[in-house]
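A quick write-up on the structure given underneath.
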Amino acid sequence: MWPSPNPVGRANVAGVPGVEERWLAVDVGGTKLDVGVVDGTGRVVGRRRAATAAAAEGGGPALGDALVTLCRGALSAAGGTVQSVGVGCGGPMEGDLVSPLNIPVWQGFPLRAHLEAGLGLPVSVDNDAKALALGEGWLGAAVDVSDYLAMVVSTGVGGGIVLDGRLLGGALGNAGHIGHVIVEPGGAECGCGARGCLEAECSGLHLGRRLGRPAAEAPPEVVARTGRLVGRAVASVCNLLDLRLGLVAGSVALGFGEPFFAAAQAELDACARLAFSTGAVVRPAGLGPDGPLLGAAAVARRSRHAS
């Protein structure tokens, strides 16, 4: 059996200093907007959701306004106060400006400034998969692990890398963008303009287009191929950066389940053959369906600890 999500990290924080802290967590994806208030134990309250496509029909500013409305609803439903707002958003990004490939109406959109103006709260924004990496180290399957990759295989594919206990940022905030590692030279065209990117081969969006039906209905051979390509990309990161753990979340990966993870591990074993990368493992992320929101909360939490 492939390992089940590990909730131990969340239980470990009960009763420790800081659990009274609360953050408004915002997950911005190509399929949905998800908002909730998260406390120091990882409990989510006041949750609000909306379909991204419907909210974006009026253009970029309208989508931003819809997100503000969701945030206000979550805050009202949760009651009490929050310290700040943390946002995980699809990339790429350039500082505080976001340009998600799966949200065409947001190209260079000032997401942080828009939310701060609408909510009157301090806002921190980071890539959604980098946010997940923070969350996994805080409450998930990477508690007490100093070197690991966390990635999302969902509507799109993204990743975040922690080395020596520090989340890698990069010059413009895009470090760890594993979705644009080439895994099939000359393969499918990607939204970034290249061919054969992991995202173009394995994301729910591209799988759905290729299959003519939702990725969740993919036949076994497509599930296995998707796992192999993800394992190939994880092996490249392990070989490059001297790490031995890859955590995978997202509706496609977790929906495909054990056959996906078995294929990913087999490919990782075949491709990570250096003395320091042999034995690397790929497994499900530990935070489960709340992972994106807990990651967004971790972005806000990081800003507080850095201040």
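Just to verify a result, which residue in segment 9-27, among those that are of a type outside the set (Gly, Ala, Ser) and modelled with pLDDT of 95 or more, is surrounded by the most Cβ atoms within 10 Å (Cβ to Cβ)?
Going through the qualifying residues, I end up with VAL26.
Which residue pairs have Cβ atoms closer than 9 Å, lie 6 or more positions apart in sequence or on different chains, and pair a first residue in segment 267-278 that is of a type in the set (Val, Ile, Thr) with a second residue that is at pLDDT 95 or above?
From segment 267-278, the pairs are THR278/ARG244; THR278/ASP269; THR278/ALA272.
Considering each residue of segment 177-189, count those that are touching a residue at least 12 places away in the same chain (Cβ under 8 Å) and of a type outside the set (Val, Ile, Thr), and give that number. Before the answer, list the steps.
Looking only at segment 177-189, we keep the residues that are touching a residue at least 12 places away in the same chain (Cβ under 8 Å), and these are 177-184, 187-188.
Pick out the ones that are also of a type outside the set (Val, Ile, Thr) and you get 177, 179-180, 184, 187-188.
So the answer is 6.
Applying the selection to segment 36-75, what residues are surrounded by fewer than 19 Cβ atoms within 10 Å (Cβ to Cβ), closer than 21 Å to GLY288 by Cβ and among the hydrophobic types (A, V, I, L, M, F, W, C)?
Within segment 36-75, just VAL45 meets the criteria.
So if I check each of SER124, SER99, SER154, SER76, which one is touching a helix residue (DSSP H, G or I) at 6+ places or on another chain (Cβ under 9 Å), more than 19 Å from ALA233 (Cα to Cα) and of a type outside the set (Phe, Trp, Tyr)?
SER124
Quick one: is VAL85 assigned by TED's automatic domain parsing to the domain that holds ALA25, in contact with a Pro (Cβ under 8 Å, 6 or more places away or on another chain), closer than 28 Å to ILE178 by Cα and not polar (S, T, N, Q)?
Considered against the rule, which asks whether it is assigned by TED's automatic domain parsing to the domain that holds ALA25, in contact with a Pro (Cβ under 8 Å, 6 or more places away or on another chain), closer than 28 Å to ILE178 by Cα and not polar (S, T, N, Q), VAL85 comes out as yes.
Go through segment 102-158 residue by residue and tally those that are among the acidic types (Asp, Glu) and under 19 Å from the mean Cα position of the chain (by Cα).
Residues flagged as among the acidic types (Asp, Glu) and under 19 Å from the mean Cα position of the chain (by Cα) within segment 102-158 amount to 4.
Mind checking whether some residue in segment 277-299 is farther than 24 Å from VAL28 by Cα, within 21 Å of the chain's Cα centre (by Cα) and among the polar types (S, T, N, Q)?
For segment 277-299, residues farther than 24 Å from VAL28 by Cα, within 21 Å of the chain's Cα centre (by Cα) and among the polar types (S, T, N, Q): absent.
Can you tell me how many residues within segment 65-106 are in contact with a strand residue (DSSP E or B) (Cβ under 7 Å, 6 or more places away or on another chain) and over 19 Å from GLY46 (Cα atoms)?
10
All but one of (1) touching an Asp or Glu at 6+ places or on another chain (Cβ under 7 Å); (2) under 21 Å from GLU258 (Cβ atoms); (3) of a type in the set (A, V, I, L, M, F, W, C) hold for CYS190; which doesn't?
(2)
So is ALA194 among the hydrophobic types (A, V, I, L, M, F, W, C), surrounded by fewer than 16 Cβ atoms within 10 Å (Cβ to Cβ), within 25 Å of GLU94 (Cβ to Cβ) and not assigned by TED's automatic domain parsing to the domain that holds LEU33 or not?
It is true that ALA194 is among the hydrophobic types (A, V, I, L, M, F, W, C), surrounded by fewer than 16 Cβ atoms within 10 Å (Cβ to Cβ), within 25 Å of GLU94 (Cβ to Cβ) and not assigned by TED's automatic domain parsing to the domain that holds LEU33.
Identify, please: which residue in segment 76-131 is of a type in the set (Val, Ile, Thr), in contact with a Leu (Cβ under 7 Å, 6 or more places away or on another chain) and part of a loop (DSSP other than H, G, I, E, B) and is, among those, surrounded by the fewest Cβ atoms within 10 Å (Cβ to Cβ)? Walk me through it before giving the result.
So in segment 76-131, the residues of a type in the set (Val, Ile, Thr) come out as 81-82, 85, 87, 98, 103, 105, 123, 125.
Next, only the ones that are in contact with a Leu (Cβ under 7 Å, 6 or more places away or on another chain) stay: 82, 85, 87, 98, 105, 123, 125.
Right, trim to part of a loop (DSSP other than H, G, I, E, B) and you get 82, 105.
Working: VAL82: 23, VAL105: 18.
Among residues in segment 76-131 that are of a type in the set (Val, Ile, Thr), in contact with a Leu (Cβ under 7 Å, 6 or more places away or on another chain) and part of a loop (DSSP other than H, G, I, E, B), the one surrounded by the fewest Cβ atoms within 10 Å (Cβ to Cβ) is VAL105.
The values are calculated or read from the model by the stated rules, or taken from the named source; none is laboratory data. All of these numbers come straight from a predicted model, not from anything done at the bench. All Cβ positions, even for glycine, are placed from backbone atoms using ideal geometry, and neighbour counts span all protein chains on display.
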